[in-house]
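Below is one structure, written out as C-alpha cells, with a few remarks after it.
The values are calculated or read from the model by the stated rules, or taken from the named source; none is laboratory data. Computed from a prediction, not measured in an experiment: that's the story for all the values here. In this analysis, Cβ positions are derived from the backbone assuming ideal geometry, glycine residues included, and neighbour counts consider all displayed protein chains.
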Ligand SMILES: NC(=O)c1ccc[n+]([C@@H]2O[C@H](COP(=O)([O-])OP(=O)(O)OC[C@H]3O[C@@H](n4cnc5c(N)ncnc54)[C@H](OP(=O)(O)O)[C@@H]3O)[C@@H](O)[C@H]2O)c1
C-alpha cells in the first residue's frame, strides 16, 4: 500500500464513522487534519473507535493481521501525542509493506 | 450474553465459566493448558495472556466470530509462592508481573476497544483482599493485584462515556487448586483466614453472586469499585 492508498483507507474509515454517527462531520478533512493531540477533530473515545476501524480495514485490505503501535510512528511523542492524517497514512504505508 | 473469562481451566475461572454456561450464556475462555470444559456454548483457546500478540489475535478472532463482547472477567493469574520478599527470585517476580499485570493490561486494552465500539460493556477483574491485609509472603502477588485495582479504577473513568463499567471483586481465601497448593506449605490457610473479618473460606458461589450483581442492567452506575469478600473495608 502506498501513501495515497493509505490516505484513501483513512478517508473511507472516517466517512463510515460519520455515516454511522460515531463521529461528527469533519470539515476540510485532508492530510493536515489532526486526529490526536492539540486541535484534534476527534475526542479520545472517537480516536479509539477510529484506530480500531483502521486496524480492521487494514487487515481486510492486506489480508494480514496488522496492528498500530503509536510509538512506532515517526516523531510520535508519547508525552505530547500529536498525529495528523498524513503522518498516519505514511505509517500505514510502511506497516503494510 | 457473550462472556469472556480468562483462566478457565481450573479454580474460580472454571467455576464461573460453568456457572454462566448453566445460565445459557455463551462463554469464551482461555488458559495455558488445554480445554477441560465440554459444552456447545463454550469456546476455548489455549494461549499465554502475557504474550501481547497472542492476546491481540485472540480478541480479534473473538470480535469477528461473535461481533460483541458483553462481559469480560479478568480472572487468570499466577497464584503461587509464599516467599518473603527478601527470598523472592527476580525471575519469579518478573513472571508475576508478566501474567498478573501485563496479561491483564493486554486483555483490558483489546476488549475495551471492542466495548467502546459497541458502546456498552461490563468489565470485572478478580483481585484479592491481600492488597488490604498486607500479609507476609504476598508482596509480589499483592503488588500485582494493587496494579490490577488501579488499572480498573482508571479505565472505569476513561470508558464511562461509552456505557462501560469496570469493577474489581477482591475475594478472601477460596478453595481452588492454587490455594490448596499453597495451603500445603506453611500454615497458609490459617494465617490468611486470621486476617479476614469473616474468618472462613469464601465460596466461589459468593464471587458469582457479586459478578451477577455487577453485570446486572441495574448496576450501570456502579463503576471503579473494589468489592471485598470476607474483609471489612
Ligand atoms: N485461590 C484463592 O484463595 C484466591 C483468593 C483471592 C483471589 N484469588 C484470585 O482469583 C483468581 C483465580 O484464582 P484461582 O485460585 O482459581 O487460580 P488457579 O486455580 O491457579 O487458576 C488460574 C487460572 O489462570 C490460568 N492462567 C494462569 N496464567 C495464565 C497465562 N499466562 N495465560 C493464560 N492463562 C493463565 C490458569 O491456566 P493453566 O491451568 O493452564 O495454567 C488457570 O486456568 C486469580 O485472579 C486469583 O488472584 C484467588
(message) Residues that are buried (at least 16 other Cβ atoms within 10 Å of the Cβ) and within 14 Å of another protein chain (Cβ to nearest Cβ): does the stretch B:128-148 have at least one?
(response) no
(message) Within the stretch B:185-194, does at least one residue satisfy the condition of being within 18 Å of the chain's Cα centre (by Cα), surrounded by 14 or more Cβ atoms within 10 Å (Cβ to Cβ) and under 22 Å from residue B:134 (Cβ atoms)?
(response) no
(request) Find all pairs meeting these conditions: Cβ atoms under 9 angstrom apart; at least six residues apart or on different chains; first residue within the stretch B:88-106 and within 14 Å of chain A (Cβ to nearest Cβ) and farther than 12 Å from residue B:144 by Cα; second residue part of a helix (DSSP H, G or I) and more than 10 Å from the ligand (Cβ to nearest atom). (result) B:106/B:52; B:106/B:56; B:106/B:59
(request) Return yes or no: is residue B:117 over 23 Å from residue B:226 (Cα atoms), in a helix (DSSP H, G or I) and within 14 Å of chain A (Cβ to nearest Cβ)? (result) yes
(request) From (1) modelled with pLDDT of 95 or more; (2) closer than 25 Å to residue B:193 by Cα, pick out the condition that doesn't hold for residue B:81. (result) (1)
(message) For the stretch A:36-66, which positions are within 14 Å of chain B (Cβ to nearest Cβ) and on the phi > 0 side of the Ramachandran plot?
(response) A:63
(message) Among the residues that make up the stretch B:124-138, is at least one of them more than 10 Å from the ligand (Cβ to nearest atom) and over 20 Å from residue B:174 (Cβ atoms)?
(response) no
